[in-house]
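Structure, as structure tokens:
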Amino acid sequence: MEAISIMIVDDHPLILAGLTSLINATPDFRLVAQAANGRQALDYYQQLRPLVVLMDLNMPEMNGVETIGRIRQIDPNACVVILTSYQGEEDVYRGLQAGAQAYLLKDAGLEQLIKCIKTVAGGSKFLPTEVASKLAERMETNRLSKRELEILVHLATGKSNKMIARSAGIEVGTVKFHVNNILAKLSVSSRTEAATVAARRGLISLF
């Protein structure tokens with residue numbers, strides 16, 4: 001069986017060193033490149049075409065989500081694993097929408113990482129239970145309209161209905177209507193709970 005060729009894309013030297021050590025110590029794995037940012041990753045992918053790419057999301061010059069999309073433009077069959085620190089549901093959703101086949105947290109165990117790489121190399125997706133749950137919650141958030149998402153972000157910053165109305169250029173009554181819809185769609189009973197959900201799901205960072 002031919003070894004699985006792997007490229008690591010991460011701008012943290014310690015993470016690179018740790019992953020390199022793990023990959024080099026694992027039978028059937030072969031490290032072919034290390035990239036510190038998205039632009040390097042694109043160059044290396046063009047040249048080497050690794051079977052699996054381990055991709056961080058937060059990087060300089062070009063973030064992980066954009067890099068995933070660009071790699072998938074080069075090769076629609078590219079196998080990308082998002083390997084990153086804890087992220088909100090929005091990051092899970094955007095990464096998978098960009099074309100990643102798996103999403104794994106950096107504190108995952110060695111056995112889980114090996115299983116993930118082999119699963120993706122075999123043409124299947126890999127989503128741990130906790131990540132699948134985050135994605136399901138994000139899909140629920142899709143039920144919010146663009147205006148409701150905007151109101152939710154204002155609400156999460158602690159603004160009153162009057163302040164939200166002024167910022168959004170709408171009537172206070174309209175704000176109350178949207179707030180009630182938001183609470184119902186997120187299955188929460190208070191503005192505080194809605195703000196907590198918005199922060200946990202990474203929605204606030206969108207605006």
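Each value in this text was obtained by applying a stated rule to the coordinates, not by laboratory testing. Being a predicted model, the structure only gives us computed values, none of them experimental. When we count neighbours, we look across all protein chains shown, and the Cβ atoms used for this are built from the backbone with ideal geometry, even at glycine.
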Using alpha-carbon coordinates alone, the radius of gyration and Dmax of the chain in Å work out to 20.0, 66
Counting only the backbone N, which residues of the stretch 42-60 are under 12 Å from the spot 7 Å out from the Cα of Asp28 toward its beta-carbon? none
Estimated distance in nm for a label pair at Asp75 and Thr20, the labels positioned 7 Å out from Cα along Cα-to-Cβ: 2.2
Under 16 Å from the Cα of Lys115 - lysines, other chains or at least 8 residues apart: Lys106, Lys125
Using just the helices of the chain, give the 222 nm mean residue ellipticity in deg cm²/dmol: DSSP H runs with n ≥ 4 each add -39,500 (n - 2.57), and the total is spread over all residues, rounded to 500. -16500 deg cm²/dmol
